[in-house]
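Written out below as structure tokens is the structure these notes cover.
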Amino acid sequence: MFLKVQSATNLGLETIGVDVEVNIASKGLPVFEIVGLPAKSVDESKERVKTAILNSGLEFPAKRIIVNLAPADVPKEGSFYDLPIAAALLASVVNCRVPEDSLFFGELSLDGSLRHTKGGLLLALFAAENNVKNIFVPKDSANEAAIVKGVNVFAVESLSSLLLHLLNKSKIKPLEYKKEILDSFKVKPEFDMAEILGQEQAKRAMEIAAAGGHNILMVGSPGSGKTMLARALPGILPSLQDQESLEVTKIYSAAGRIPPGGSIIVSCPYRAPHHTISRVGLIGGGSRPKPGEVSLAHRGVLFLDEFSEYPRSVMEVLRQPMEDGKLTISRTMASVDYPARFILAASANPCPCGYLQHPKKECHCSEREIRRYKKRISGPILDRIDLHVEVPVVDIRELAETGGAEQFLEPSELIRERVIKTREVQQERFKNDNIFTNAEMKNEQIKNYCQLGKTSRQVLTAAANSFNLSARGYFKTIKTARTIADLANSENITEEHMAEALQYRFKEN
């Protein structure tokens, strides 16, 4: 008997259709083999499928069973072939038909139930693109697949329920798409801007960074509030647009980071890896490439605390994603593309001890040590950061005297409203350019949307000569000025907007 069930495999964010071909022969010694370039996790499906069928109270055919995963030249990895293999074997045992216009995808538990399996959203998108009507996935993975319209998502609890469905005895109803699913992945920020006393310039820089998607570097002594500012940044970012939300959810689905029962991601991601992270952990990779922190922070915030403490080799791999918003990871087995358009929020101390120019504590670092410490962050990385802001130490007496004055500080919600309005302006501006923020503009968009008046151009030219700005720094300053003008609801970039943008620029020596 020959049976064929459709499934799929994920290579990065790309999904490739896989035909699970099962041949059950009466002649020959009983054997159960899987061919088609399977990895160890796929080969182990044999034991999971056999035990799950037996524990479901069904008979496992004691015949010569050969499973072929076609195309045979594509590497197969993962546990999601359990369900299509089991579906084919069940159909042979009870002599029923497996729907041809359906995809099967999921990992089996030994008791016959289905486990949460990563990649459900990618499977649903693949089905929609290829006009496949039905997909059968584990119940805990069904919500993320249900956000794709035009595909019937069947949430399978166990092999027993699937068998009853195939026999038309107890049909599994397709999961209905529900709008409230969109609220299932909201994240509450750790801090509100109203909780941060002082640091008005740094807060302003954070607002500009959030409004235009700009990278920001904060330099200040320990305890000045750099980490609090970074952790408050997600609270002033708008919710993701539909296309952005889909991009982010695809990455998290491929990485297996959507929890059981989870659905689409609507809040901007916030990632804060420790400075001991490896290059592969930050950028992604491995023998079978997986997304790293820069991709998990796509359309959100990547906070790198103690930026100067990161190894130089790790720090330098940020160059391409910071510039292009994407990266390609090439390995012997595969080459995959991952998006990586994030806001880099980095913080650093001014010197090794951290107390350079501290109002009360004395710095014991030599000039040579300070120069060497500052050079840990290379010029090319600094040049890719739009906003450079000093975060001074807040006097304890000032904090004590403030008392309840924090109630008069702007909460994150008010700042967020201004950021949302500014993002809406950019959304209208770039509706035909396939970008979302000012920071993503290329030279052609800068030419079209950032017309400079005579005075503002003179201010920029004079500052560029004084600061020795690179060409990249020159255009990044214009992008920042465009965001400042948008926050001021100004169609034109004035000299005031340009002057404010320049004060956040790194002054190269």
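Overview of values
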| item | result |
| --- | --- |
| Given (1) modelled with pLDDT of 95 or more; (2) in contact with a helix residue (DSSP H, G or I) (Cβ under 9 Å, 6 or more places away or on another chain); (3) assigned to a helix (DSSP H, G or I), index of the condition ILE135 fails | (3) |
| Matching residues, the range 20-41, being at negative phi and under 30 Å from the mean Cα position of the chain (by Cα) | PRO38, ALA39, LYS40, SER41 |
| Cβ-Cβ under 9 Å pairs, at least 6 apart or on other chains, the range 67-92 side not assigned by TED's automatic domain parsing to the domain that holds LYS50, far side modelled with pLDDT of 90 or more | none |
| Sole exception among (1) among the polar types (S, T, N, Q); (2) part of a loop (DSSP other than H, G, I, E, B); (3) touching a residue at least 24 places away in the same chain (Cβ under 8 Å) for SER170, by number | (3) |
| Test: residue in the range 28-40 that is in a helix (DSSP H, G or I) and surrounded by fewer than 15 Cβ atoms within 10 Å (Cβ to Cβ) | yes |
| Filter result (acidic (Asp, Glu) and out of contact with any Lys or Arg (no Cβ under 7 Å at 6 or more places or on another chain)) within the range 1-37 | GLU14, GLU33 |
| Of all residues making up the range 478-509, the number that are assigned to a helix (DSSP H, G or I) and in contact (Cβ under 8 Å) with a residue 60 or more places away in the chain | 7 |
| Test result for ILE66, of a type in the set (A, V, I, L, M) and under 21 Å from PRO260 (Cα atoms) | no |
| Number of the exception - GLY284 against (1) of a type outside the set (Phe, Trp, Tyr); (2) touching a strand residue (DSSP E or B) at 6+ places or on another chain (Cβ under 6 Å); (3) under 30 Å from ASP395 (Cβ atoms) | (3) |
| Selection count, the range 321-345, where residues are over 18 Å from the mean Cα position of the chain (by Cα) and assigned to a strand (DSSP E or B) | 2 |
| Qualifying residue in the range 65-81 (condition: among the basic types (Lys, Arg), within 21 Å of LEU122 (Cα to Cα) and in contact with a Gly (Cβ under 8 Å, 6 or more places away or on another chain)) | yes |
| Residue in the range 428-477 that is surrounded by the fewest Cβ atoms within 10 Å (Cβ to Cβ), counting only those that are hydroxyl-bearing (Ser, Thr, Tyr) and in a helix (DSSP H, G or I) | SER466 |
| Selection within the range 50-99 - under 33 Å from the mean Cα position of the chain (by Cα) and of a type in the set (D, E, K, R) | ASP73, LYS76, GLU77, ASP82 |
| Residue list for the range 170-199, restricted to those being of a type in the set (A, V, I, L, M), modelled with pLDDT of 70 or more and within 16 Å of ARG416 (Cα to Cα) | MET193, ALA194, ILE196 |
| Selected residue (criterion: farthest from LYS250 (Cα to Cα)) from residues of the range 264-301 that are among the aliphatic types (A, V, I, L, M) and surrounded by fewer than 20 Cβ atoms within 10 Å (Cβ to Cβ) | ILE277 |
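The values are calculated or read from the model by the stated rules, or taken from the named source; none is laboratory data. This is a predicted model, so every value here is computed, not measured. Glycine gets a Cβ as well: all are built from the backbone with ideal geometry, and neighbour counts include every protein chain shown.
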